[in-house]
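Structure record follows, encoded as structure tokens.
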Amino acid sequence: MASGLGVVVIGRNEGQRLERCLRSLAHGADQVLYVDSGSSDGSPHLARSLGVEVLALDMGQPFTAARARNEGFAALQRLLPSLRLVQFVDGDCEVDAGWLATAQAFLVRHPHVAVVCGRRRERFPQRSVYNLLCDLEWDTPIGEAKACGGDALMRADAFAAVGGFRSGLIAGEEPELCVRLRARGWKVWRLDVEMTLHDAGMTRFSQWWRRSLRAGHAYAEGAYLHGQAPERHWLRESRRAWVWGLGIPLATLLACLALGAWGLALLLVYPLQAWRLARRGGRSVRENWLRAVFLVLGKFPEMLGQLRFLHQHFMAGKPALIEYK
């Protein structure tokens, strides 16, 4: 059923994870292309040994995942002129054996849907709390959605018609693409089926902090691009980062200047907010509390990510990647 279906895999120094990814795509697609962004671990050679076409990016130009996917899509069109559907996948993900056929069949039955995605799971959620947080983050509602993540099957003509990903974005490029697709009348859909196994490999607090910093940067840039009505893209997320990450600490400082140590009572809003969020969770008690605590704590790096975007944008600075691996 793979007529006109191609795959773009992006990665850098993924090693065994890339091998798992490419082997999981051995069947089900007409063409698989691996886009390498300056690996030093032999990833291009590994991909070629598995019979996969390789595109090595010119690392003299600013790198983003969005740019890698766009260049991969353009190369895939040349390799497969009959391209109708393109699966984007990160090189640290293993694709479920039934995903491509299921997703392709769904798009055939639903011509108004441009993007379809399924359940991305973390491969080793038990290895660290940070891996577990990723797994919880990806457990999103089923049905019509506003956005997809890095793994998704898309209609090639719809993707090309909106100009693909915005290459200059260092994060949040998938939701931004979906904003433009939905503005053209297309729909995004999430299926209740397994799609990919992801290997985040996050074992340190510093990795989680940088990942949250990147999220804050993405929220700020997304709101700058599409924050106006009716979309209001990531406007709420940006405002929450400012309120919880900066507004309340400043209010606490002013309260201490006026009331002394009693002003520190304002900080109680943080555990109260975590308690409120934990009560709303639908998982185990442990998972609900972990998610709630880190959602509250995450507002601080998200706020710093907002500041980073503002500095780069208004001071004419060049956006730099924020990597956590």
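No value in this document is a laboratory result; all are computed from the given coordinates. For clarity, every value in this text was computed on a predicted model and none was experimentally measured. Cβ atoms come from the backbone with ideal geometry, glycine included; neighbour counts cover every protein chain shown.
Cross-link reach is defined here as a Cα-Cα straight distance under 22 Å, omitting same-chain residues fewer than 8 places apart; for Lys187 the lysines meeting it are Lys146.
Normalising the average separation of contacting C-alpha pairs (under 8 angstrom, six or more residues apart) by the number of residues puts the relative contact order of region 71-209 at 38 percent.
Full extension of the chain segment joining Tyr270 with Gln16 gains 87.4 nm, where the gain is 0.36 nm per residue of separation less the Cα-Cα distance.
Between 0 and 90 degrees, the angle of helix 173-183 with respect to the longest Cα principal axis of the chain falls at about 80 degrees. The stretch between Ala251 and Arg232 holds 4.2 nm of extra length on full extension. This uses 0.36 nm per residue minus the Cα-Cα distance.
What the Kirkwood sum gives for region 226-314 is a hydrodynamic radius of 14.7 Å, with every pair of different alpha carbons counted. When peptides 27-33, 252-258 are ranked by their average number of other Cβ atoms within 10 Å per residue, the highest-first order is 27-33, 252-258.
Calculate the length of the line joining the C-alpha centroid of region 243-262 to that of region 65-136, in whole Å. Region 243-262 and region 65-136 have Cα centres separated by 45 Å. Taking the chain as a whole, the Cys residues whose C-beta sits 4.7 Å or farther from every other Cys C-beta are Cys21, Cys93, Cys134, Cys178, Cys256.
The order of the peptides 153-159, 45-51, 57-63 by mean Cβ neighbours within 10 Å, most packed first, is 153-159, 45-51, 57-63.
Highest-first packing order for the peptide set 89-98, 114-123 is 114-123, 89-98, based on the mean count of other beta carbon atoms within 10 Å.
Farthest toward the positive end of the dipole of region 5-203, out of Trp99, Ala161, Gln77, is the Cα of Ala161, where the dipole comes from beta carbon charges about the Cα centre. Normalising the average separation of contacting C-alpha pairs (under 8 angstrom, six or more residues apart) by the number of residues puts the relative contact order of the chain at 17 percent.
Once the Cα atoms are used to define both axes, helix 285-297 deviates from the longest principal axis of the chain by about 80 degrees. Computed from label points 7 Å out along Cα-Cβ, the spacing between Ala26 and Glu137 is 3.2 nm. If you take all other residues with their beta carbon under 14 Å from the beta carbon of Leu50, and give Lys and Arg +1 and Asp and Glu -1, the sum is -1. Note on the chain: antiparallel DSSP beta bridges, both residues inside, total approximately 35 percent of the bridges counted.
Cross-link partners for Lys325 among the aspartates and glutamates, with Cα-Cα distance under 14 Å and sequence neighbours closer than 8 places in the same chain left out: Glu14, Asp90, Asp92, Asp199.
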